[in-house]
């Protein structure tokens, strides 16, 4: 069992963990006063950076969970998601649900991806 | 890394993805005016169809997340779930939580399953 | 495909399932009249017991999802989590979101862990 952990700024948790060719990653954007579109852009930018560091990328996406503070913003999030994720060869299985989030966060995205 | 993707009707996401013998799948029922029991039945029917296409099935279930719009309907969902899932040799680890869902959806189910 | 299932007290679902060196586990504390801190302690105690039974432990943690009934209790949960999880060699990728939970449950924790 080899586990590689990518620590972020938070205690007690990692932004990514790698094991057996799979990357488990999470990203959010903690800046306040932003729209959902802008927070989604920044979240996906951070997520992609983490995936690349961990030896994966958009092409390795398997499963995604998108948590939205307000489901009425789903279309706004989705437009940014679709631009980001690219062609259908990248599309993960995804669920998007409304949930309360920490601080001023409007969106939080968790993925499982294969190393590529 | 071989990834097989099962596209549904939505842009930017798949109803199932297969990698390394694991199937990541999601299902929901977007028809309105239905009870939770009826939506759960239709969701599980769609999920099972997807699992079979992807080389798995009820016997391969490992992990499930059930999102319910209204947790007061959990007993109603659970009755349908228990009928569907069958004997204890099929039971996955499962969490059921209340979350806001898109459109008229009352229930959404995400699973990880092993190919069988 | 070898799947090992750890049944709990509930019908239709397991508290843990093992497949291909990965453990999928869930824990909660159904006792009422407890604080979030106390429920978190009891939940993590149950979770750890299950992980050990399943051939894993804190050192194998890969991914965690913490569902909290009330996100204003996150700091209280986090203090217990950080004490429990220990050194950064154990830290999983983690998301913590607010969601409605069954009965009197204030916290529910789902993890994926590698067998150690």
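Taken together, the values in this text are just the output of simple stated rules run on the coordinates, not laboratory data. In this text, all values refer to a predicted model and were calculated from it rather than measured experimentally. Quick reminder, even Gly has a Cβ in these numbers, built from the backbone with ideal geometry, and neighbours come from all protein chains shown.
Between B:61, B:101, B:22, where does the largest GNM mean-square fluctuation fall for chain B, given springs only between Cα atoms within less than 10 Å?
B:101
Given the options B:60, B:33, B:21, which has the most mean-square fluctuation in a GNM of chain B, springs set between C-alpha atoms less than 10 angstrom apart?
Highest fluctuation among the options: B:33.
Give me the inter-chain shielding for C:100-113: mean count of other chain Cβ atoms within 10 Å, whole number please.
Mean shielding count: 4.
Does anyone have the angle between helix B:74-85 and the longest principal axis of chain B? Alpha-carbon axes, 0 to 90°, nearest 10?
For helix B:74-85, the angle is close to 40 degrees.
What does the copy distance list look like for residue A:115, label position 7 Å along Cα→Cβ, in nm and ordered from shortest?
Sorted ascending, the copy-to-copy spacings read 2.1, 2.1 nm.
Which value in nm describes the separation of the simple spin-label points at residue C:38 and residue C:88, placed 7 Å from the Cα toward the beta carbon?
In this crude spin-label approximation the distance works out to 3.5 nm.
Could you work out how far helix C:36-53 tilts from the main Cα principal axis of chain C, as a 0 to 90 degree angle to the nearest 10?
10 degrees
Taking the Cβ-Cβ separation of residue C:9 and residue A:4 as r and a Förster radius of 35 Å, what is the calculated FRET efficiency to the nearest 0.05? All intermediate terms of the calculation are to be shown ahead of the outcome.
On the way: r = 36 Å, r/R0 = 1.03.
It comes out at approximately 0.45.
Give me the tail of P(r) for the stretch B:34-89 as a percent: Cα-Cα pairs with distance above 19 Å.
Numbers: 431 of 1540 pairs.
Looking at the stretch B:34-89, the distances longer than 19 Å represent 28 percent of pairs.
Can you give the translational diffusion coefficient of the stretch B:1-60 in µm²/s, computed by Stokes-Einstein from the Kirkwood radius over Cα pairs at 37 °C and 0.692 mPa s?
The Stokes-Einstein estimate is 266 µm²/s.
Averaged over every viewing direction, what's the projected area of the C-alpha convex hull for the protein assembly as shown? Give it in nm², one decimal, please.
Averaging across all directions leaves 15.1 nm² for the Cα convex hull.
Mind jotting down the distance between the C-alpha centroids of the stretch A:50-77 and the stretch B:25-96, whole Å?
23 Å
Which value results for Rg/Rh of the stretch B:3-114 when Rg is the Cα radius of gyration and Rh the Kirkwood radius based on the inverse mean 1/r?
Computed over Cα atoms, the ratio is 0.95.
Partner chain Cβ atoms within 10 Å, averaged over the residues of A:79-89 - can you pull that number for me?
Details: counts 1, 0, 3, 4, 1, 1, 3, 1, 0, 6, 2.
Shielding by partners across A:79-89 averages 2.
Tell me the relative contact order for the stretch B:3-114 as a rounded percent, counting alpha carbon contacts under 8 Å between residues six or more apart.
35 percent
Shielding by partners for A:30-41, please: the mean number of other protein chain Cβ atoms within 10 Å of each residue's Cβ.
Taking the mean over all residues of the peptide, I get 0.
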